[in-house]
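Student: Could you have a look at this structure, given as structure tokens, before my questions?
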Amino acid sequence: MNDVIREMGAGFLGSRLKRLGERMQAGAACVITGAGLEVQPAHMPLLVALDGQELTIGQLVQAVGISQPGVTRGVGQLIGMGLVRSETGSDQRHRTISLTNDGAAAIARAKLFVWPQVTEAVDKLLGGRSDELLAIVADVENALAATPLEELAAQARPEVLFIRDYSDDLAREFQDINAEWISEMFSIEETDRKTLENPRASIIDSGGAILFVEAIGMGVVGTCALHKTSATGFELTKMGVRKVARGLKAGEFLLKAIIEKAHMLGADPLYLLTNSRCAAAIHLYEKTGFQHDVAIMADYGTRYARCDVAMRYVRPEA
């Protein structure tokens, strides 16, 4: 079985560190139990912060860097164990938390029989590179304090969609993607079958082109073809995006790429034939520069029985 969290890399770093932390805390818990202490690893930072001083809940939150509910819950557990006490402060507005005698004894025992052993074990795990790792962790903590992850993510503009040219190993993708949407809305006609079953002979060898759009983590999710129908005329055809990728703007990304490819091939006219039931696709075509054209319908519209919309691409003036 593959390790999903490890394979996802930096995007799952938080989950991976959490998992690593849980494994290390489980080992530390065994050491703590072996030292005759009832506390859990999560209690240790609170006990250390209270060693030799009284603190409010707010001060404890700052000292250990975890949420107030987490601190409050941990303090409540330690009070239940008899290791810390909660008392009203001198100004009567704040309650202070401090170690009891048993709490002070627990800290002393941890200093002798827990922390040295765990520290040495961790250093051995890291091959003597503890200081190096801790420095990196400190840098990450400081960077997060300066700019939260959600802000960094909002600023990020990673490339998640890529265009791929046709190759014979992608012929099945071309067939499957188009068969999916055609079968969903219409029935596959003989002219469809001829193109889908042999895209190289039908499209590529006659001077056309086929492009694919690939999404990170999803593989090829869409395709579109340029079918050469005259000396300079090209039909934009067989454009489809898998259901799982709809809404990701993969179609718009692909359409812009295929239009640019048509320009490189000197397409004039560049046109398409479709059906009014494909409302979302027609809206995208209109948005990208295609215009409804009666002449295109007259010249080419009889090619498909389902065709009732014909459009010609009009390149925006510079």
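The values are calculated or read from the model by the stated rules, or taken from the named source; none is laboratory data. As the structure is a prediction and not an experimental result, all values here were calculated from the model. Every residue, glycine as well, gets a Cβ built from its backbone with ideal geometry; the counts of neighbours run over all protein chains shown. With ligands, DNA and RNA removed, areas are computed over all heavy atoms of the protein, side chains included. Shrake-Rupley method; radii C 1.70, N 1.55, O 1.52, S 1.80 Å.
Student: With the calculation restricted to Cα positions, what are the radius of gyration and Dmax of the range 216-273 in angstrom?
Tutor: Here Rg and the maximum Cα pair distance are 12.5, 40 Å.
Student: Related question: Enter the angle in degrees (range 0 to 90, nearest 10) between the Cα long axis of helix 171-185 and the first principal axis of the Cα atoms of the chain, meaning the one along which they spread out most.
Tutor: On a 0 to 90 degree scale, this one is about 80.
Student: Working from the alpha-carbon coordinates of the chain, get Rg over Rh, Rh being the Kirkwood radius. Before the final figure, lay out each step's value.
Tutor: Details: Rg = 32.6 Å, Rh = 25.6 Å.
When Rh is taken as the Kirkwood radius, the ratio is 1.28.
Student: Here is a follow-up. Comparing L272, L50, L211, which has the greatest mean-square fluctuation in the GNM of the chain with Cα pairs linked when under 10 Å apart?
Tutor: L50
Student: Per the Kirkwood definition applied to all pairs of different Cα atoms, how many angstroms is the hydrodynamic radius of the range 163-318? Please report the intermediate quantities before stating the final value.
Tutor: Values: mean 1/r = 0.0643 Å⁻¹.
So the Kirkwood estimate lands at 15.5 Å.
Student: Mind checking the angle between helix 250-264 and the chain's longest principal axis? C-alpha axes, 0 to 90 degrees, to the nearest 10.
Tutor: 40 degrees
Student: Can you give the FRET efficiency to the nearest 0.05 for A29 and E151, using r as the Cβ-Cβ distance and R₀ = 30 Å? Each step should come with its number before you reach the end.
Tutor: Details: r = 35 Å, r/R0 = 1.18.
That gives a FRET efficiency of 0.30.
Student: Then there is this: Quick check for you: which residues of the range 43-72 have the amide N under 18 Å from the point 7 Å beyond the Cα of A138 toward its beta carbon?
Tutor: Within reach of a label on A138: 63-65.
Student: Same structure, new question: Can you tell me the orientation of helix 13-34 relative to the chain, as the angle in degrees between its alpha-carbon axis and the longest Cα principal axis, to the nearest 10?
Tutor: The answer is roughly 30 degrees.
Student: Measuring from label point to label point, each 7 Å out along Cα→Cβ, what is the V122 to R303 span in nm?
Tutor: That separation, rounded to one decimal, is 6.7 nm.
Student: Using a Förster radius of 30 Å, what is the FRET efficiency between A42 and A280 based on their Cβ-Cβ separation? Nearest 0.05, please.
Tutor: After rounding, the FRET efficiency stands at 0.05.
Student: Still on this model: Work out from phi, with θ = phi - 60° and the Karplus expression 6.51 cos²θ - 1.76 cosθ + 1.60, the ³J(HN,Hα) of each residue of the range 270-281, listed in order in whole Hz, and give x for Gly and Pro.
Tutor: Karplus values, whole Hz, x for Gly and Pro: 10, 9, 8, 10, 8, 10, 4, 5, 8, 4, 5, 5.
Student: Okay, helix-only estimate at 222 nm for the chain: each DSSP H run of n ≥ 4 adds -39500 (n - 2.57), divide by all residues, round to 500 deg cm²/dmol; what do you get? Could the numbers behind the result be given before it?
Tutor: Numbers: 14 runs with 158 residues, N = 318.
The per-residue figure over the chain is -15000 deg cm²/dmol.
Student: Using a 1.4 angstrom probe, figure out how much accessible area the range 141-233 has per residue, in square angstrom, rounded to the nearest whole.
Tutor: Details: 5130 Å² over 93 residues.
That works out to 55 Å² for each residue.
Student: Among E87, E159, E286, determine the one that fluctuates most according to a GNM of the chain built with springs between C-alpha atoms less than 10 Å apart.
Tutor: Most flexible of the set in this elastic network: E87.
Student: What ³J(HN,Hα) values, in whole Hz, does the Karplus curve 6.51 cos²θ - 1.76 cosθ + 1.60 give for the range 118-131 when θ = phi - 60°, with x put for Gly and Pro?
Tutor: So the Karplus estimates, Gly and Pro as x, are 5, 4, 5, 5, 5, 5, 5, 4, 8, x, x, 9, 4, 4 Hz.
Student: For E180 and I216, what is the calculated FRET efficiency with R₀ set at 30 Å and r taken between the beta-carbons, to the nearest 0.05?
Tutor: Working: r = 21 Å, r/R0 = 0.70.
So, using R0 = 30 Å, E works out to roughly 0.90.
Student: Let me ask you something else. For the range 1-125, what class follows from the C-alpha gyration tensor (a ≥ b ≥ c being the square roots of its eigenvalues): rounded when a/c is under 1.5, otherwise prolate if a/b is larger than b/c, else oblate? Walk me through the numbers on the way to the answer.
Tutor: Values: a/c = 2.80, a/b = 1.56, b/c = 1.80.
Since a/c reaches 1.5 but b/c is at least a/b, the shape of the range 1-125 is classed as oblate.
Student: Roughly speaking, to the nearest percent, how much of the chain's 1.4 Å accessible area is carbon and sulfur?
Tutor: Numbers: 10350 of 18970 Å².
Ligands and nucleic acids excluded, carbon and sulfur reach 55 percent.
Student: Each residue of the range 298-311 in order: what ³J(HN,Hα) in whole Hz does its phi give by Karplus 6.51 cos²θ - 1.76 cosθ + 1.60, θ = phi - 60°, with x for Gly and Pro?
Tutor: Residue by residue, the range 298-311 yields 5, 7, 10, x, 7, 5, 10, 5, 8, 6, 9, 9, 10, 9 Hz.
Student: Under a cut-off of 29 Å between alpha-carbon atoms, report the lysines in cross-link reach of K249, not counting same-chain residues fewer than 8 places apart.
Tutor: Straight-line reach from K249, under 29 Å: K194, K228, K238, K261, K287.
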